[in-house]
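Structure first, then comments.
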Amino acid sequence: MKHPLHVASEIGELQTVLLKRPGQELENLTPEYLQPLLFDDIPFLPVIQKEHDYFAQTLRNRGIEVLYLEKLAAEALVDKSLREEFVDQMLEEGRAEGNVSHQILKEYLLSFSNEDLVQKIMSGVRKNEIETGKSMQLHEFMQDHSPFYLVPMPNLYFTRDPAAVIGDGLTINKMRETARRRESMFMEYVVKHHPRFTSHNVPIWLDRNYEFPIEGGDELILNEETIAIGVSARTSAKAIERLALNLFSRQEKFKRVLAIEIPKCRAFMHLDTVFTMVDYDKFTIHPAIQGPQGNMNIYVLEKGPDEETLKITHHTSLTESLKEVLGLKDLVLIPCGGGDAIASAREQWNDGSNTLAIAPGVVVTYDRNYVSNALLREHGIEVIEILSSELSRGRGGPRCMSMPIVRKDI
Ligand SMILES: NC(=[NH2+])NCCC[C@H](N)C(=O)O
């Protein structure tokens, strides 16, 4: 039987991808909570859904199987005790302060059908939804400012981040930001309990209980032997080391990890916001991540003398490091916004470098990034544009909104 997960490159023909349709969780965004919930504006739900459906249809038109996280999660929770365990865990990790007990919230959530239960957990529980029968004291009102018993998870449509397939296994990620911490629980339950995945013993290279954070937007598979991981605002050096050690001791194929350090700021939260692979020898890059001489900090991690030690070498040229690990004589870095200071900053903010490759030299991008898109085309890349007015408000592009499950080998 075919392995349910398989990704050994960034650009191999995409066969199965996981998405999450933006839903009611976005209707729970208010100006006060935008920043902690990692948004810059409130998307208009019917339009963001239309744009997302267009994205999904664009992928299907290319013969790609589109799975939805919300559907898989609902299908995974058939067992009654598993549903309870899931709800307990969600409440333990995510219940906001308030005068409602775990038990009342649990009963409320369990009264929903599986699909609605998953949707409700994703969209959050507002305080006015539940009659607790208990009147609040003044000090409780004061402490208890949040309008939610369970906080919404508006970033779920960025399926790239909470988990990432590497080879035939995956990382189920410890998310850096509180707002996204619970997101990786969905994939954990799906992989462990959905029949599509349980038929195989899927290796989990790093799980969400690991102490230090890592997010999928930083995890790029350069080829069947090499992974690039951003050392970023979201991904820690410790998690990269652990992942490298686990990979080197538990499987044979991946032999090196390139840890690429990027500036730690909001606009560049993950490596894929400033760097993606579009063809065998072509990459998008946001020029602002390189120093004046094009220098950066890149560390190549390889198997060391024993299972707990890595061999690490430091490099300063992205181009040279990529050429070496990919065995290329030459390669092209295509600058976001063409390198013009204003166009490049503007388009990077709207994910101009964040391309989703669906085959070598074929990428999906946002239509609004016309300077970057034209430049990609000039370099011979087939660019498939999708609508982006509302989707881009969450600060993520086509790569962030997709989790490749199966790619053909190249
Ligand atoms: N792979 C990515 N670049 N994901 C972008 C995620 C954006 C999301 N609002 C966050 O801050 O987490």
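The values are calculated or read from the model by the stated rules, or taken from the named source; none is laboratory data. A quick note: this is a predicted structure, and the numbers were derived from the prediction, not measured. Using ideal geometry, Cβ is built from the backbone for each residue, glycine included, and neighbour counts are taken over all protein chains shown. Heavy atoms of the whole protein, side chains included, go into the accessibility calculation; ligands, DNA and RNA do not. Shrake-Rupley method; radii C 1.70, N 1.55, O 1.52, S 1.80 Å.
Before moving on, here are some points about what is shown:
- Cβ-placed point charges (K, R +1; D, E -1), dipole of segment 168-258 about Cα centre in debye, nearest 20: 220
- Each Cα pair under 8 Å and six or more residues apart adds its sequence gap; the mean of these over the residue count of the chain is a relative contact order of 22 percent.
- Separation of alpha-carbon centers, segment 27-51 and segment 388-409, rounded to whole Å: 17
- Ellipticity estimate at 222 nm from DSSP helix runs (n ≥ 4, -39,500 (n - 2.57)) divided over the chain, nearest 500: -9000 deg cm²/dmol
- Heavy atoms of Trp205: accessible area, 1.4 Å probe, square angstrom to 10: 20
- Placing R0 at 35 angstrom, the Cβ-Cβ distance between Glu107 and Gln35 gives a FRET efficiency of 0.60 after rounding to 0.05.
- Packing-based ranking, highest mean first, of 12-21, 353-362 given that Cβ atoms within 10 Å are counted: 353-362, 12-21
- For Lys50, the lysines whose Cα falls under 16 Å of its own Cα, not counting residues fewer than eight places away in the same chain, are Lys20.
- At a probe radius of 1.4 angstrom, the accessible area of segment 251-353 per residue rounds to 46 square angstrom.
- Charge tally for Asp340 (other residues, Cβ to Cβ under 11 Å; Lys, Arg +1; Asp, Glu -1): 0.
- Protein heavy-atom accessible surface, 1.4 Å probe, per residue over segment 1-108: 46 Å².
- Gyration tensor (alpha-carbon) shape descriptor, segment 53-102, a/c threshold 1.5: oblate
- GNM flexibility winner over the chain from His200, His52, His145 (Cα, springs under 10 Å): His145
- With all protein chains in place and ligands, DNA and RNA left out, the 1.4 Å accessible area ranks Tyr210, Tyr370, Tyr280 as Tyr370, Tyr280, Tyr210, largest first.
- Mean-square fluctuations from a GNM of the chain, with a 10 angstrom spring cutoff on Cα atoms, peak among Tyr68, Tyr157, Tyr33 at Tyr33.
- Within the shell defined by Cβ-Cβ distances under 14 Å, the residues around Lys264 carry a net charge of -1, with Lys and Arg each +1 and Asp and Glu each -1.
- Taking the accessible area of segment 346-410, probe 1.4 Å, and keeping the other protein chains in place, the carbon and sulfur fraction comes to 52%.
- In the assembled protein chains, Val231 presents an accessible area of approximately 30 Å² (probe radius 1.4 Å).
- Centre separation in Å (Cα based) which lies between segment 212-284 and segment 293-358: 10
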